[in-house]
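Take a look at the structure below.
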Amino acid sequence: MSPITRHSGARRRIGIMGGTFDPIHHGHLVAASEVADRFDLDEVIFVPTGQPWQKAGVTPAEDRYLMTVIATAANPRFSVSRVDIDRPGPTYTVDTLTDLRRTDPEADWFFITGADALTAIMSWKNVAQVFGLAHFIGVTRPGYSMAELTLPPDAVTLMEVPALAISSTDCRARVRGGGPVWYLVPDGVVQYIAKHRLYQEDSGEHRRRVPEPEHRPDGIVLPPGIAKEITESFEGEQ
């Protein structure tokens, strides 16, 4: 069975994106959004490392945790866990997966990581156990070669994520095809596109009649001028 496919009545599908996040950036957010869309994940849990065993001189965990909370707050699919920063001692992926799986043993779990991390995965602590706890998704850049890397084919899926050379043409095409544009454009713009059904085949005729997007995040503060523009666009509507 393909790990990408969700079947009727299937269990919850949860992604885990671990990292130092020092600081978290748009590359992390775009990768998580792309994987969630392709693998039909119900949730992506960002897990800042506590004491990364392979790195030194890292910013305090509480600072990195708070930056991650701020960066992910607008996306209803994203959440942040303290499981690693509250656990004493070095952070190992096997411990992260074991602890999180206890919160929902019936779910299907996916661990999202970069291609550079996959090159060293066979040296991770209890790697055989790790592969049994989650399906691994290796996020790669277009053209990145991993031909020499040997990994269990049923345990790892490689997925290309476009580099952050974002264009308006690509954003329009993605909306038209039903794909996500989270973090490719500002949050308020995502809401505006959905509200007015921009870039869709029927946008000119029906865009004023659609309800609010089902998963619209609340609490977004729009930049100066945008709120006024949105208000004026609805003046006179029935």
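The values are calculated or read from the model by the stated rules, or taken from the named source; none is laboratory data. The structure displayed is predicted, hence computed values, not measured ones. Virtual Cβ from ideal backbone geometry, glycine too; neighbours counted across all protein chains shown.
Based on what the data block shows, is Tyr183 under 23 Å from Ile70 (Cα atoms), over 18 Å from the mean Cα position of the chain (by Cα) and either at pLDDT below 85 or not charged (D, E, K, R) (or both)?
No; evaluated as a whole, the condition is false for this residue.
Working only within region 14-27, note down all residues that are more than 14 Å from Ala74 (Cβ to Cβ) and either modelled with pLDDT of 85 or more or under 11 Å from the mean Cα position of the chain (by Cα) (or both).
Ile14, Gly15, Ile16, Met17, Gly18, Gly19, Gly27
Being farther than 18 Å from Ala134 by Cα and aliphatic (A, V, I, L, M) is the filter here; which residues of region 32-76 pass it?
Ala56, Val58, Ala61, Leu66, Met67, Val69, Ile70, Ala71, Ala73, Ala74
Can you find even one residue in region 37-54 that is within 21 Å of Ala120 (Cα to Cα), in contact with a Phe, Trp or Tyr (Cβ under 9 Å, 6 or more places away or on another chain), touching a residue at least 12 places away in the same chain (Cβ under 8 Å) and hydroxyl-bearing (Ser, Thr, Tyr)?
yes
Only one of these conditions is not met by Arg101: (1) under 20 Å from the mean Cα position of the chain (by Cα); (2) over 17 Å from Glu43 (Cα atoms). Which number is it?
Every listed condition holds for Arg101 apart from (2).
Give me a count of the residues in region 18-35 that are in a loop (DSSP other than H, G, I, E, B) and buried (at least 21 other Cβ atoms within 10 Å of the Cβ).
2
Can Pro48 be described as farther than 13 Å from Asn75 by Cβ, at pLDDT below 95, in contact with an Asp or Glu (Cβ under 7 Å, 6 or more places away or on another chain) and not aliphatic (A, V, I, L, M)?
Yes.
Counting only residues that are among the acidic types (Asp, Glu) and either touching an Asp or Glu at 6+ places or on another chain (Cβ under 8 Å) or surrounded by fewer than 16 Cβ atoms within 10 Å (Cβ to Cβ) (or both), which one in region 172-202 is nearest to Glu34 (Cα to Cα)?
Glu201
Return the residue satisfying two criteria in turn: it lies in region 131-180 and is part of a loop (DSSP other than H, G, I, E, B) and at pLDDT 80 or above, and of such residues it is farthest from Arg13 (Cα to Cα).
So the residue we want is Gly177.
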